[in-house]
Amino acid sequence: MKKRAGAVIVAAMRWVDAINAPTDRSRLEAATAPDIVIDRMGVFDKQGKLAETFRGQDEVAAWLERMPDGVLFELGGDLEQIERRGKPAYELRYVYRIAEIQFVHGGTWQLQLSDDDRISWLRHMPEPLPEGQSAGGRDAGGAAHQHVH
C-alpha cells in the first residue's frame, strides 16, 4: 500500500488545490479523471444521506463554482485503506476554514484513483455541523455561512 498511498496523497493534495481555486479548470483537470463521479453527502436533515451526485468534470466544475469566497480546504488526517465494490479505496479527513467568520469544520473524503492516478470517484462526507449552526446559514453568533460544499 505504501507506493499507492503516496499516489493517493498526491491526488488528494491536487484535489485540495482544485477545490481552493474553484474557477481554475486546469487544477480540476489535473486532480480528477474526465469521468469523475462525486457523491456529496448531506448535512442537517440529510446528514449521512446522498444529497447530490456529480458526473464528469463539467458537473464538478459547476459545483465548485458554487463555493463561497474565503473557504479554504486542507488535508486533516491519516490515510486509511478501505474497500469499495471489491476494489481498494482510501479515506482521509479534510478540514476547511472560513476566516471571515472564524469557522472551522471538516469531514471525510473517500476516494478511488484512475489508472493515471487522478481521482475517479470521491465521496464528500461533512461531519455534523457544530451546535448552534442552523440550516438558515447563520451561526449562533449571527455570522453568515452558506453551506454548499
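Residue count for region 41-65, restricted to those that are loosely packed, with under 14 Cβ neighbours inside 10 Å and touching a Pro at 6+ places or on another chain (Cβ under 7 Å): 1. Residues of region 75-84 being loosely packed, with under 14 Cβ neighbours inside 10 Å and either in contact with a helix residue (DSSP H, G or I) (Cβ under 9 Å, 6 or more places away or on another chain) or polar (S, T, N, Q) (or both), which ones? Answer for region 75-84, where residues must be loosely packed, with under 14 Cβ neighbours inside 10 Å and either in contact with a helix residue (DSSP H, G or I) (Cβ under 9 Å, 6 or more places away or on another chain) or polar (S, T, N, Q) (or both): just Gln81. Looking across region 30-55 at every residue that is out of contact with any Phe, Trp or Tyr (no Cβ under 8 Å at 6 or more places or on another chain), touching a residue at least 12 places away in the same chain (Cβ under 8 Å) and not in a strand (DSSP E or B), the one that is farthest from Ile19 (Cα to Cα) is identified as Asp45.
Within region 11-68, restricting attention to residues that are within 27 Å of Leu129 (Cα to Cα) and of a type in the set (Lys, Arg), the residue that is modelled with the lowest pLDDT is Lys46. Consider region 1-29 and keep the residues that are farther than 23 Å from Ile82 by Cα and without any contact (Cβ under 8 Å) to a residue 24 or more places away in the chain. The one that is surrounded by the fewest Cβ atoms within 10 Å (Cβ to Cβ) is Ser26. Annotation: Glu91 fulfils all but one of (1) acidic (Asp, Glu); (2) touching an Asp or Glu at 6+ places or on another chain (Cβ under 6 Å); (3) not in a strand (DSSP E or B); the unmet one is (3). When region 108-149 is limited to residues that are at negative phi, small (Gly, Ala, Ser) and at pLDDT 60 or above, the one that is surrounded by the most Cβ atoms within 10 Å (Cβ to Cβ) turns out to be Ser120.
Report yes if some residue within region 76-92 is among the basic types (Lys, Arg), modelled with pLDDT under 95, within 17 Å of the chain's Cα centre (by Cα) and under 17 Å from Ile36 (Cβ atoms); otherwise report no. No, region 76-92 contains no residue that is among the basic types (Lys, Arg), modelled with pLDDT under 95, within 17 Å of the chain's Cα centre (by Cα) and under 17 Å from Ile36 (Cβ atoms).
The values are calculated or read from the model by the stated rules, or taken from the named source; none is laboratory data. Keep in mind the model is a prediction, meaning the values are calculated, not measured. As a convention, Cβ positions derive from the backbone with ideal geometry for all residues, glycine included, and neighbour counts pool all protein chains shown.
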